[in-house]
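These notes concern the structure reproduced below.
The values are calculated or read from the model by the stated rules, or taken from the named source; none is laboratory data. No experiment lies behind these values; they were computed from the predicted model shown. Reconstructed Cβ throughout: ideal geometry from the backbone, glycine too, with neighbour counts over all protein chains shown. Protein only, heavy atoms only, side chains kept; ligands, DNA and RNA dropped before computing areas. Shrake-Rupley method; radii C 1.70, N 1.55, O 1.52, S 1.80 Å.
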Amino acid sequence: MSSRLTSQVHANASPEASKDPCVRISIPLQPQEPEPTRGADGFVDYMARTQWLRAAVLGANDGLVSIASLTVGVGAVNQSAKAMLVSGLAGLVAGACSMAIGEFVSVHAQYDIEVAEMERRRRGSGSEEGVRGEESLPSPMLAAGASALAFALGAVLPLLAGGFIRSWSVRVGAVCAVSSMGLAGFGAAGAVLGGADIWKPALRVLGGGWLAMLVTYAVLRIFGLLFNMQVS
């Protein structure tokens, strides 16, 4: 028995209690240990998802917003379905390549910085700490592939929604409707995978997409009216 517990027993014991063979002893409860972080015991580590989640959600959102805004903007000066389809397809290929290259360069720069830092620590401590930490390094190829694939998947939605509809008004309405559902879905999916509330991210992504489409249409429409542009 420790000295702390012994002193508490003597302090709580009264003269009457010392005559009683059954002595009541109060022992303080130990403070509860903090709940473990989410890991192998069934908990989810959301920080481990940051790299690919950021690339996937950003790529899908950019693909949908870019192609939807592009097709709506082209529709402001050209009412043919072929023009919207060709411009949307060109935007899909160019945007996917741009996202992949940009993400690869960005993540590779982060990779080089972390590798250099780990090498400096290894030389300073003389241990193999840097080798053990290589598992936590970001993957430039993974980020690039996720960005390109996500951009293409997001861009396909407005492209297929309005690329084959003859009527201009129905085509633009279909692009806006499908894009709105896709934007809300991407925002909600990112929130669920990140462990956050779904409503605010969904509304934020939806509002940003609508703003981009509205600005693109307005600029192209004004430009077409000022310069009398109606491309056939």
For the stretch 145-229 the trypsin sites (Lys or Arg not before Pro) that pass both the DSSP coil test and the at-most-16 other-Cβ-within-10 Å test are R166
With a 1.4 angstrom probe the carbon and sulfur portion of accessible area for the stretch 130-232, in percent, totals 74
Under the 7 Å Cα-to-Cβ spin-label approximation, W168 and I222 lie apart by a distance in nanometres of 2.0
Once L64, L85, L142 are ranked on solvent-accessible area with the largest value leading and a 1.4 Å probe, the list reads L142, L85, L64
